[in-house]
1. Can you tell me the 0 to 90 degree angle between the C-alpha axis of helix 336-363 and the longest principal axis of the chain, rounded to 10?
2. For A282 and H19 in one chain, what is 0.36 nm times their gap in residues minus the Cα-Cα distance, to one decimal in nm?
3. Counting only DSSP beta bridges with both residues in the chain, what percent are antiparallel, rounded to the nearest 5?
4. Using the Cα centre of region 54-204 as the reference point, and only Cβ charges (+1 on K/R, -1 on D/E), how large is the resulting charge dipole? Debye, rounded to the nearest 20.
5. Just to confirm a number: summing +1 for Lys and Arg and -1 for Asp and Glu over residues other than T4 whose beta-carbon lies under 14 angstrom from that of T4, what do you get?
6. Under the classification rounded if a/c is under 1.5, otherwise prolate if a/b is larger than b/c and oblate if not, where does region 186-230 fall, given a ≥ b ≥ c as square roots of the Cα gyration tensor eigenvalues?
7. Percent relative contact order of region 250-342, based on C-alpha pairs within less than 8 angstrom and at least six residues apart?
8. Per residue of region 165-179, in order, report the coupling 6.51 cos²θ - 1.76 cosθ + 1.60 (Karplus, θ = phi - 60°) as ³J(HN,Hα) in whole Hz, putting x for Gly and Pro.
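Values quoted throughout were computed directly from the atomic coordinates according to the rules given, and no laboratory measurement underlies them. Not measured: the values here are computed from a predicted model. Here the Cβ positions follow ideal geometry from the backbone for every residue, glycine too, while neighbour counts run over all protein chains shown.
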Amino acid sequence: MITTTGLTKVYRAHRARGHEITALDGVDLHVREGEVYGVIGQSGAGKSSLIRCVNLLERPTAGTVTVAGQDLTALAGRGPRAGRELRKARSNIGMIFQHFNLLSSRTVQDNVELPLEILGKSGKERSRKALELLDLVGLTDKAKAYPAQLSGGQKQRVGIARALAGDPKVLLSDEATSALDPETTRSILHLLRDLNRQLGLTVLLITHEMDVVKTVCDSAALMENGRIVESGTVTELLATPGSELAAALFPVSGDASADDRTVVDVTFQGDAATQPVISQLARTYNIDISILGAAMDTVAGKQVGRMRIELPGRYEENVVPIGFLRERGLQLDLVEAAADTAAADTAAADKAAQASVPAKEGAK
């Protein structure tokens with residue numbers, strides 16, 4: 001539904017000649033139809049530039065943007081203003097902003113009607129559609145109120161209703177919950193998930209909050225310095241050893257109690273999350289297992305957990321217990337032992353290389 005290829009955006013400072021800032025550096029993104037996709041990263045990572053390039057509010061310096069089968073960059077033209085074809089293509093894209101962007105002089109209903117007014121719809125049609133959308137977001141009783149009379153969450157619901165006025169196929173959300181309190185954030189996220197399911201919307205979320213990804217996203221991407229450094233479905237990411245996103249979604253910590261210990265991060269998903277696997281491991285092999293840290297939550301409708309455990313003995317002594325866990329469909333990521341093993345492999349390689357030198361010299 002949304003595809004960007006080699007997307008690049010370079011900002012040039014007007015007063016400082018030769019000074020350029022690369023906000024997007026060859027971004028390749030693919031959002032499937034009907035999914036909720038989260039792009040996460042710190043401030044300055046390029047998230048907002050990305051979402052504004054998706055609907056061409058910002059013109060990319062290079063690369064292409066395709067939405068619902070249309071190459072928007074090919075429709076952009078050369079002038080600063082959007083042409084008729086691009087404006088028509090944008091009608092398939094709704095946009096929710098961080099700071100609501102409601103007109104204070106208009107009522108809630110009038111704010112929702114604004115896009116329809118721009119599209120030239122009749123007053124009767126505008127009114128019918130606006131009231132229908134306000135009912136969808138739970139604000140029927142606020143139709144005649146003004147933005148100043150609403151809470152932050154209610155204002156964002158008006159913003160969502162307005163974004164849906166043109167019956168878009170794609171909904172873009174630029175930090176839509178960052179100005180809201182946690183409880184209101186959850187209600188807005190659940191609303192977006194409900195709209196995704198009811199209307200078949202494809203939703204692209206820009207956020208810096210891991211809880212947003214955890215609560216509603218089917219897939220996610222991590223952005224750093226204008227590039228996507230990691231992406232995939234949330235399930236795939238959680239099953240990927242060393243995944244930064246997985247570690248951030250379920251942070252667990254804890255250090256080995258001694259050098260001769262093996263520390264492993266275990267990821268549980270679906271049915272495995274409710275099985276007593278660790279206790280079974282302890283009974284089967286008669287070993288003491290220490291739980292150093294754990295986190296569990298529901299992600300994309302599935303129960304997921306991560307646990308950091310410590311096994312007695314070095315890695316080579318725990319090959320069988322680790323195999324036991326893998327056989328039960330658990331994802332494992334070695335923590336302490338991985339570094340030790342890598343160091344041992346390097347030392348062994350160096351030793352072998354040194355041993356081969358005299359032999360070669362003797363052959364000469």
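1. For 336-363 against the chain, the angle is about 60 degrees.
2. Values: separation 263, 0.36 × 263 = 94.68 nm, distance 6.08 nm.
Gain on extension, A282 to H19, equals 88.6 nm.
3. Values: 44 of 62 bridges.
So the antiparallel bridges in the chain amount to around 70 percent.
4. Dipole about the Cα centre, nearest 20: 460 debye.
5. Values: positive: K9, R32, K47, R52, R59, R227; negative: D25, D28, E58, D71.
That sum, taken over residues with Cβ under 14 Å, equals +2.
6. It comes out prolate by the Cα gyration axes.
7. Details: 158 pairs, mean separation 40.0, N = 93.
Across region 250-342, relative contact order equals 43 percent.
8. Each residue of region 165-179 in turn: 4, x, 6, x, 8, 10, 10, 9, 10, 9, 6, 5, 10, 5, 9 Hz.
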